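Right, one structure below, let's go through it.
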Amino acid sequence: MLVLAHISDLHLDGTARATRRAEQVRDRLWELPGRVDAVLVTGDIADHGAEAEYEEAARILGLRDGSAPVPVLTCPGNHDRRPAYRKALLGLPASEEPVNEVRVFAGGAVLMCDSSIPGRDDGALDAATYDWIEATLDELGGRLPVLLAFHHPPVALHHPLPDSYQLGAPEALAALMERRPEIAGLITGHAHSAAATAFAGRPLVVGPGVTWTLRLPWEGEEVADREAPVGLAFHVLDDAGRLTSHFRPVT
């Protein structure tokens, strides 16, 4: 069994508000009475893609000083900038290449995929990323269930804002999933709204936002609910490859 704590859309921008909300959910995760296997952060970690924002994220998430009690897994979003993300968050050489990483656990594997398109708000998994996914799945050999994590949902969520900037060419992802039964589900962010649906016959779970929560069209005209509590999700991938998700407010 694999248990992930999932946060998304921190949008760290140097303001006290953004820092406070990120530290609030960090404190909840670090103080859990039981251990999860990892913390997953699905993009828009920085608001402007500045190195200082990633340095703050690295401090809050314990990525540089080893203070995180569990592994912290990340993937970029449309507000993130690859060179600064690589350098200041991951401690890698700056580059515009997609940021794709895999982490293998006893109960499953997580592929963190880069769906960002430099300079744009919509998303895509490019050819290099699809090749990387295929090669990584080949190496795993189907012996473990796999979760794909990236920022942009590949389906409409019935709000005009995230639906304007979703993952492009979803048919390519659907074709991949049809060939790869070991993919147990998809985990994304971007919408600032906890949501659960399906894609290509597998679960698709969208994580809530840390910085603010999306108001759905029937909840009012103001898009961003900045007073809503910070959101947190827990995902359980069991030995049968079934994905179960729980959502929590952090107050």
Where Leu29 falls short, out of the listed (1) in a helix (DSSP H, G or I); (2) of a type outside the set (S, T, N, Q); (3) closer than 28 Å to Asp122 by Cβ: (3)
Inter-residue pairs, beta-carbon under 8 Å, first under 27 Å from Arg103 (Cα atoms) and in the range 1-30, second among the basic types (Lys, Arg) and modelled with pLDDT of 95 or more, 6+ apart: Leu10/Arg21
Residues satisfying the stated conditions in the range 69-86, i.e. among the small types (Gly, Ala, Ser) and touching a residue at least 60 places away in the same chain (Cβ under 8 Å): Gly77
Residue selected from the range 231-240 under the condition in contact (Cβ under 8 Å) with a residue 24 or more places away in the chain and surrounded by fewer than 17 Cβ atoms within 10 Å (Cβ to Cβ), by the criterion farthest from Val41 (Cα to Cα): Asp239
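Please work out if Phe247 is surrounded by fewer than 18 Cβ atoms within 10 Å (Cβ to Cβ), at negative phi and among the aromatic types (Phe, Trp, Tyr).
Values: surrounded by fewer than 18 Cβ atoms within 10 Å (Cβ to Cβ): yes; at negative phi: yes; among the aromatic types (Phe, Trp, Tyr): yes.
Against the criterion (surrounded by fewer than 18 Cβ atoms within 10 Å (Cβ to Cβ), at negative phi and among the aromatic types (Phe, Trp, Tyr)), Phe247 qualifies.
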Selected residue [surrounded by fewer than 22 Cβ atoms within 10 Å (Cβ to Cβ), charged (D, E, K, R) and over 21 Å from Pro208 (Cβ atoms)] from Arg28, Arg103: Arg103
Residues that are in contact (Cβ under 8 Å) with a residue 12 or more places away in the chain and more than 12 Å from Ala233 (Cβ to Cβ), drawn from the range 205-220: Thr211, Trp212, Thr213, Leu214, Leu216, Pro217
Within the range 161-204, considering residues that are outside any loop (DSSP other than H, G, I, E, B) and touching a residue at least 60 places away in the same chain (Cβ under 8 Å), the one farthest from Phe234 (Cα to Cα): Leu161
Pairs, first at negative phi and among the charged types (D, E, K, R) in the range 87-112, second surrounded by fewer than 16 Cβ atoms within 10 Å (Cβ to Cβ) and not in a loop (DSSP other than H, G, I, E, B), C-beta under 8 Å, six or more apart: Glu97/Ala128
Single unsatisfied condition, Cys113 versus (1) over 29 Å from Gly241 (Cβ atoms); (2) under 18 Å from the mean Cα position of the chain (by Cα); (3) among the hydrophobic types (A, V, I, L, M, F, W, C): (1)
Cβ pairs under 9 Å, 6+ apart, first in the range 41-64 and farther than 15 Å from Trp30 by Cβ and among the aromatic types (Phe, Trp, Tyr), second modelled with pLDDT under 95 and buried (at least 23 other Cβ atoms within 10 Å of the Cβ): none
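The values are calculated or read from the model by the stated rules, or taken from the named source; none is laboratory data. All of these numbers come straight from a predicted model, not from anything done at the bench. A quick note on method: Cβ atoms are made from the backbone with ideal geometry, for glycine too, and the neighbour counts reach across all protein chains shown.
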